[in-house]
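The structure appears right after this line, and notes come after that.
The values are calculated or read from the model by the stated rules, or taken from the named source; none is laboratory data. Owing to the predicted nature of the structure, the values given are computational and were not obtained by experimental measurement. Glycine also receives a Cβ, built like all others from the backbone with ideal geometry; neighbour counts cover every protein chain displayed. Note: accessible area is taken over every heavy atom of the protein model, side chains too, but ligands, DNA and RNA are not part of it. Shrake-Rupley method; radii C 1.70, N 1.55, O 1.52, S 1.80 Å.
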Amino acid sequence: ANFKGKGEIVLVGETFKEFGGSLYSVVMRQRCTVVPKTSPKRLKKYANAMLEAFRQFKVYACHDLAEGGLAIALAEMCIGGGIGCSVDLSKIKGEDYVKLFAESNTRWLVEVEDAEEFVRFMKEKGVVAYHIGFAEGDELKIKGVLSVSVEKLDEAWRNGLVRFTGW
């Protein structure tokens, strides 16, 4: 789902340096053999926590992190909702490119009414979660990394399709 501009943004899940077969490795022309690990046990734990959280919290939007990782999920949620976001990833360990583009499994972006309570709840369930920002404004802002208008994101997305489809 797309940002609604009503809440705070939480990243749920663990990010690992896994780039084998990733969009990032293709674009950067890097060879990487470390592919995202699939863990049915971890997926079940996270999915159960997410389902319970949906019943207990006001959730405005939820989006899985897949191809392209966090950066692409943020852009998609901004474009789809026509709403920007302000994000700070400094609480998450690791290099920026890993935080932004790793395609690790079992991760979601959630726009919620009360991020601190949501994160506390997830941690009680043994699930990793970070309050990373706010759905607001008309720009995708990642502190210390980039700031780009939602309009420019949408334009880049549409023009990128034209290059590959011809329409």
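Of all residues in segment 30-61, those being within 15 Å of residue 110 (Cα to Cα), touching a Gly at 6+ places or on another chain (Cβ under 9 Å) and open to solvent by 30 Å² or more (accessible area, probe 1.4 Å) number 3.
Checking the structure you have, find out if any residue of segment 137-160 is among the hydroxyl-bearing types (Ser, Thr, Tyr), outside any helix (DSSP H, G or I) and within 23 Å of residue 38 (Cα to Cα). No, segment 137-160 contains no residue that is among the hydroxyl-bearing types (Ser, Thr, Tyr), outside any helix (DSSP H, G or I) and within 23 Å of residue 38 (Cα to Cα).
What's the total number of residues in segment 138-150 that are touching a strand residue (DSSP E or B) at 6+ places or on another chain (Cβ under 9 Å) and surrounded by fewer than 14 Cβ atoms within 10 Å (Cβ to Cβ)? Residues that pass the stated criteria total 4.
Filtered by the rule that a residue be under 21 Å from residue 146 (Cα atoms) and surrounded by fewer than 17 Cβ atoms within 10 Å (Cβ to Cβ), segment 93-119 gives 93, 94, 95, 96, 97. Total residues in segment 62-86 satisfying the condition of being surrounded by 23 or more Cβ atoms within 10 Å (Cβ to Cβ), more than 9 Å from residue 109 (Cβ to Cβ) and among the aliphatic types (A, V, I, L, M): the figure is 0. Between 39, 104, 25, 86, the distinction of being modelled with pLDDT of 95 or more and not acidic (Asp, Glu) belongs to 86 only. Within segment 125-133, identify whether any single residue is over 18 Å from residue 6 (Cβ atoms), in a helix (DSSP H, G or I), open to solvent by 40 Å² or more (accessible area, probe 1.4 Å) and touching a helix residue (DSSP H, G or I) at 6+ places or on another chain (Cβ under 9 Å), and answer yes or no. So far as segment 125-133 goes, no, none of its residues is over 18 Å from residue 6 (Cβ atoms), in a helix (DSSP H, G or I), open to solvent by 40 Å² or more (accessible area, probe 1.4 Å) and touching a helix residue (DSSP H, G or I) at 6+ places or on another chain (Cβ under 9 Å).
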